[in-house]
Amino acid sequence: MKEISSMLAERGQTQVLRYFDGLTPDGQRELIRQIENIDWETVELWRDPEDLSGKGEISPIEGLTLAQIKEKEAEYFEVGAAAIRAGKLACVLLAGGQGTRLGSDAPKGAYDIGLTHPLYIFEMQIKNLLEVCKACGATVPLFIMTSEKNDAATRAFFREHHSFGYPEAYIRFFEQELAPSVDFTGKLLLEDKGTLALSPNGNGGWYSSLKKSGADGDFPAIEWYNVYGVDNVLQRSADPVFLGATIASGRMSGAKVVRKKDPHERVGVLCLEDGLPSVIEYYELTEEMATARGADGELAYSFGVILNYLLSAKKLEEIAKERIPVHVVKKKIPYLDENGVLVKPEKENGYKFETLILDMVKLTGSCLPFEVVREKEFAPIKNKEGTDSVESARELLKENGVRL
Ligand code: UTP
């Protein structure tokens, strides 16, 4: 304990022990465990965050358009379906986020979007995957990433619903790690007298957490991971055509993309940065780039990403030792003040540290943009109301013939 106190004193972080003496022995042990797990190198980044805005030379990336995909659809399907039958594809459902914008404490996937009958987000994801399994005649291993915050609730939800009919031998849950949050002066925050303010460390942590869990060891044939977000209820995961096209392209990753609606739509677009796949934010595009057109007359920078990626397992193994950039993000972080009162701030009050899957795609070195029809494959649920909300997703589901 002495060592920990003096280490914290050296770092100017003794405030985390403010309530230590009043904790039960178990509570004290738990707080010590959390302190011992802190990655100080990451926490120190608040002082001098890396500049992660596109600095390199930006150029358009070549991808497959809807018309090109249609032409070779049957061929791609065969390649993809054969790989699926050989056990070469696994799905990674990213469900470790907190869904703070949706404002529910339950796992986001447990959200019921039905109107006349229950229809859960997880259920939609599983239904889609079952369709692919049926079409290909094989079951795809499904890894579900949770975090300490929602792991038990997610597992219980799947148990309660008998995994919506997905063969349980093919499902594995694994937890992503948590990272501590700091205030604007770099001081670690407490969310309770014996608990640091911890939150999931971003969706870029999936690979190292999966590896740590060892769950992939049960499926040694895996050559590709299809990684996607839980909150797109029109998600087409394990898409054999996408897989076949990515394999045929010889690139080390693939990204499902939708066409930008107009030159100034506020979405990040896939491009090349110094020859590597990268996402450039709409506010980083110059007017000239936003309106530039390619030889086909289409916007040169128009591939919006929808968080559905294929990544080569072999490449991931190669790059596992490289450090994924850490994004230092301003957030509203509930914390315990000096008087022991829990404050839920109205405004941003500190930093969280997150890694993003986008940065992993860049590390793979090459990526195939694969265009899909937005109205058929993209209905994200981020907010309670308005854009990308439960309402907007319901409208899109109805348009696609889903009974709510
Ligand atoms: P978002 O960036 O939308 O974050 O995640 P979120 O946590 O779900 O929602 P907000 O921002 O708190 O409202 C995109 C996808 O990445 C997953 C989410 O579960 C979602 O599928 N994710 C995000 C993780 O798995 N872990 C994380 O640490 C962050």
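The values are calculated or read from the model by the stated rules, or taken from the named source; none is laboratory data. These numbers come from a predicted model, not from an experiment. All Cβ positions, glycine included, derive from the backbone under ideal geometry; neighbour counts span all protein chains shown.
If you filter the range 242-251 down to residues that are part of a helix (DSSP H, G or I) and not polar (S, T, N, Q), you find that the one that is surrounded by the most Cβ atoms within 10 Å (Cβ to Cβ) is LEU243.
Restricting the first member to the range 106-123 and to residues that are under 14 Å from PRO380 (Cα atoms) and in a strand (DSSP E or B), and the second to residues that are at pLDDT below 95 and of a type in the set (Val, Ile, Thr), the beta-carbon pairs closer than 8 Å and six or more apart or on different chains are TYR120/ILE113. Checked against (1) within 16 Å of the ligand (Cβ to nearest atom); (2) under 22 Å from GLY99 (Cβ atoms), ASP192 meets all criteria but (1).
Kindly indicate whether LEU130 is more than 11 Å from the ligand (Cβ to nearest atom), outside any loop (DSSP other than H, G, I, E, B) and out of contact with any His (no Cβ under 7 Å at 6 or more places or on another chain).
yes
Of the set (1) within 25 Å of VAL279 (Cα to Cα); (2) within 16 Å of the ligand (Cβ to nearest atom); (3) out of contact with any His (no Cβ under 6 Å at 6 or more places or on another chain), all apply to GLU322 but (2). In the range 133-149, the qualifying residues are those that are out of contact with any helix residue (DSSP H, G or I) (no Cβ under 8 Å at 6 or more places or on another chain) and within 24 Å of GLY202 (Cα to Cα), and the one that is farthest from the ligand (Cβ to nearest atom) is GLU148.
Considered as a group, the residues in the range 183-213 that are hydrophobic (A, V, I, L, M, F, W, C) and over 16 Å from GLU36 (Cα atoms) include one that is nearest to the chain's Cα centre (by Cα), and that residue is TRP206.
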